[in-house]
Amino acid sequence: MAFAAAFALTFTSCEDMLDSESHTSSNSEVFPATPSDLNKELAALYGVMNQFSTNPLETPWFVNYLMSDDANGAGGTGDVESHAVAHLMANKSDLYDNAWHNTYVGIARASAVISSVDAFDWTGQEKARNQMLGEAYFMRGLFYLWATQFWGDIPAYWGAAAPDPCYSQSADSVIFPHILADFVTATTLMQHGATTFGDGHATKGAAEGFLGRAYLFYEGFYKKQGEMAKATPAAIALPDQEGCTGVSLTKDMVANYLKDAIDNSGYQLVEDFRLLWQYTNPLTIGDYAFTADLAAAGKSWAGNGNSEEMFQVQYMNAGSWSGTIGMGFCNQTSLYCGLRCDDDGAGGVNGKEEAFPFGQGWGQGVINSNLWDDWADNDIRKRATILNAPEEFGADKFYYATSCSEETGYYNKKWMPVTTKGSSFGDFNDSYTWWGVWRKTNTEEGAPNGNSFQGDHFCDMVLLRLADVMLMHTELTGDATQMNKVRQRAGLGDLPYSWQAIKAERRWELAGEGLRFNDLRRWSGIDGGASCEAAVALQRQAGSRIYYTGKNEHPLRHGSTGWAARYARTNGFLPKPSAQVSYYNNPDILKQNPGWFDTESDWNMSGTPSY
């Protein structure tokens with residue numbers, strides 16, 4: 001709960017900002033007026049992450065997870081939206097309107113900090129000034145990265161305020177060089193050790209990691225470089241801005257940034273892969289057979305903001321279905337990924353004692369059965385990541401709900417709600433999740449939403465881990481050293497570098513974390529068609545085993561023309577808000593992406609597939 005107190009300012013200012021006018025237009029003359037105001041603006045900038053969290057089905061992490069071959073949309077037969085996302089389709093024209101809105105709120109707030117920082121005297125506080133400015137550049141780069149991966153060419157600007165109209169720019173030739181420049185600026189301005197790990201602020205190491213992620217996507221997807229370790233991409237001339245003047249970014253420079261993050265940022269791999277995930281919390285670890293050995297050795301969860309987390313979304317005890325972003329204050333993704341809680345028609349309900357230590361939820365984003373089948377049993381990360389519910393609970397103690405659709409019995413342990421034997425099973429009271437028990441024991445705070453089941457989810461949403469940075473370094477350089485350190489942590493032997501080896505390692509280490517979809521896209525390149533790596537991998541979902549409305553096993557099928565065809569039509573891009581496109585009615589300002597809302601009906605999912 002320490003982070004809740006530390007980030008009270010973030011959430012308070014975020015709420016205050018929502019109903020105010022733009023801070024980059026009419027209010028720019030009066031706000032920010034003091035350095036304290038600028039700190040509030042920075043806090044509100046981070047608060048946009050909680051605005052995103054209000055609807056998991058519009059977050060970059062959950063959407064990219066569902067669109068990958070890691071997961072099925074699942075949930076109930078009426079959960080059309082999650083199915084549509086996972087099938088690369090849409091069930092309504094405003095499917096991603098809030099994501100679009102939140103993106104530009106974030107960009108505006110970052111721009112406000114950048115344009116206002118030197119309105120004040122920072123004499124003697126230059127490091128504080130640079131850290132604040134570096135964080136703002138980092139966040140602007142992050143929002144543009146997410147937006148271009150979602151929508152491709154979008155309206156973009158880099159001044160204090162957006163022009164009117166704000167014209168779309170080429171993601172390839174204009175926006176990505178700016179994204180890379182923002183991350184380079186952030187790494188230049190910030191210093192290692194300038195912030196405390198886990199305080200929610202961006203760090204130099206995080207900026208270096210996201211620079212690597214953006215660079216790999218740009219060179220792989222847009223420039224179609226293929227195997228980066230063997231590629232010789234041209235240097236990228238970056239736009240001039242503070243901390244990034246006259247820079248031509250090369251592959252070797254990016255590799256050096258990643259190596260600096262690995263060696264000098266202070267982040268370290270958590271000693272046991274299982275200790276990264278909240279099912280090893282101190283109230284649960286000793287009673288869960290899978291982690292009993294860790295408890296016997298006196299170990300438990302590394303915790304929120306641990307040494308391996310390089311950047312994350314944080315939450316606090318304030319989740320509520322009321323208010324504009326009330327549920328953005330708890331990790332709703334965890335709730336979405338819980339065990340499907342409807343009964344099986346015979347009174348069996350998941351999430352009680354027999355399902356210990358995993359709690360109830362909406363049952364969306366279940367693991368696709370191919371991931372389980374493809375993964376070697378000798379890799380501890382397999383069962384550390386995937387809950388095989390019939391295997392762990394017993395086939396007679398896992399209930400296939402009569403409302404389930406695309407159920408597999410495989411769930412994502414990294415994101416699931418976790419219970420403890422200190423909870424009162426049988427009802428949704430204050431002490432249902434382990435967080436609820438901890439909160440009730442250690443604080444006087446009431447249960448958010450009035451019940452623990454829906455609101456007690458305070459685990460960080462981890463957006464970047466050191467292991468990811470280490471694997472990116474191997475992928476760029478062909479040096480297997482960092483990849484093998486990651487494998488050694490999993491108890492596996494060393495491997496020589498190969499492109500197949502590093503791609504497989506990323507699949508296993510980062511499974512279920514929302515990164516797989518864009519990895520597949522960058523390994524395929526833009527306009528790869530229905531036979532590219534991404535399309536083929538996604539199409540493999542067809543025929544994978546699922547359960548529909550109970551224990552009836554079926555082969556998964558696509559809602560229209562197939563995953564490969566939909567990927568080929570869209571390049572993996574999402575639809576832009578149709579109301580925005582119609583409002584301007586000018587393709588130079590905003591043009592809809594191919595494959596969306598046109599005369600062909602392959603995009604339209606009006607209901608979930610039935611079997």
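Filter the range 341-359 for residues that are open to solvent by less than 30 Å² (accessible area, probe 1.4 Å) and of a type outside the set (A, V, I, L, M, F, W, C); which is modelled with the lowest pLDDT?
Per the criteria, the residue is 351.
Among the residues of the range 453-486, count how many are open to solvent by 20 Å² or more (accessible area, probe 1.4 Å), in a helix (DSSP H, G or I), in contact (Cβ under 8 Å) with a residue 12 or more places away in the chain and farther than 14 Å from residue 308 by Cβ.
Within the range 453-486, residues that are open to solvent by 20 Å² or more (accessible area, probe 1.4 Å), in a helix (DSSP H, G or I), in contact (Cβ under 8 Å) with a residue 12 or more places away in the chain and farther than 14 Å from residue 308 by Cβ number 2.
Can you pull out every residue in the range 178-211 that is aromatic (Phe, Trp, Tyr) and either open to solvent by 40 Å² or more (accessible area, probe 1.4 Å) or in contact (Cβ under 8 Å) with a residue 60 or more places away in the chain (or both)?
197, 210, listed by residue number.
In the range 236-249, how many residues are within 18 Å of residue 175 (Cβ to Cβ) and not in a strand (DSSP E or B)?
Within the range 236-249, residues that are within 18 Å of residue 175 (Cβ to Cβ) and not in a strand (DSSP E or B) number 4.
Restricting to the range 52-71, give me the number of residues that are touching a strand residue (DSSP E or B) at 6+ places or on another chain (Cβ under 7 Å) and of a type outside the set (Phe, Trp, Tyr).
Residues meeting the conditions: 3.
Any idea which of (1) within 25 Å of residue 165 (Cα to Cα); (2) open to solvent by less than 60 Å² (accessible area, probe 1.4 Å); (3) in contact (Cβ under 8 Å) with a residue 40 or more places away in the chain; (4) not in a loop (DSSP other than H, G, I, E, B) is the one residue 590 doesn't satisfy?
Among (1) within 25 Å of residue 165 (Cα to Cα); (2) open to solvent by less than 60 Å² (accessible area, probe 1.4 Å); (3) in contact (Cβ under 8 Å) with a residue 40 or more places away in the chain; (4) not in a loop (DSSP other than H, G, I, E, B), the lone unmet condition for residue 590 is (4).
For the range 504-548, which residues satisfy the criterion of being more than 18 Å from residue 74 (Cβ to Cβ), open to solvent by 30 Å² or more (accessible area, probe 1.4 Å) and touching a Gly at 6+ places or on another chain (Cβ under 7 Å)?
Within the range 504-548, just 539 meets the criteria.
Might you let me know whether the range 109-129 holds any residue that is open to solvent by less than 20 Å² (accessible area, probe 1.4 Å), polar (S, T, N, Q) and within 18 Å of the chain's Cα centre (by Cα)?
no
Looking at residue 252, is it closer than 20 Å to residue 211 by Cβ, touching a residue at least 12 places away in the same chain (Cβ under 8 Å) and either part of a helix (DSSP H, G or I) or not aliphatic (A, V, I, L, M) (or both)?
no
Open to solvent by less than 30 Å² (accessible area, probe 1.4 Å) and either over 19 Å from the mean Cα position of the chain (by Cα) or touching a residue at least 40 places away in the same chain (Cβ under 8 Å) (or both): does that describe residue 294?
When the stated conditions are applied, residue 294 passes them.
The values are calculated or read from the model by the stated rules, or taken from the named source; none is laboratory data. Nothing here was measured: the structure is a model prediction, and the numbers come from that model. Reconstructed Cβ throughout: ideal geometry from the backbone, glycine too, with neighbour counts over all protein chains shown. When the accessible area is computed, the model is the full protein with side chains, heavy atoms only, and any ligands, DNA or RNA have been set aside. Shrake-Rupley method; radii C 1.70, N 1.55, O 1.52, S 1.80 Å.
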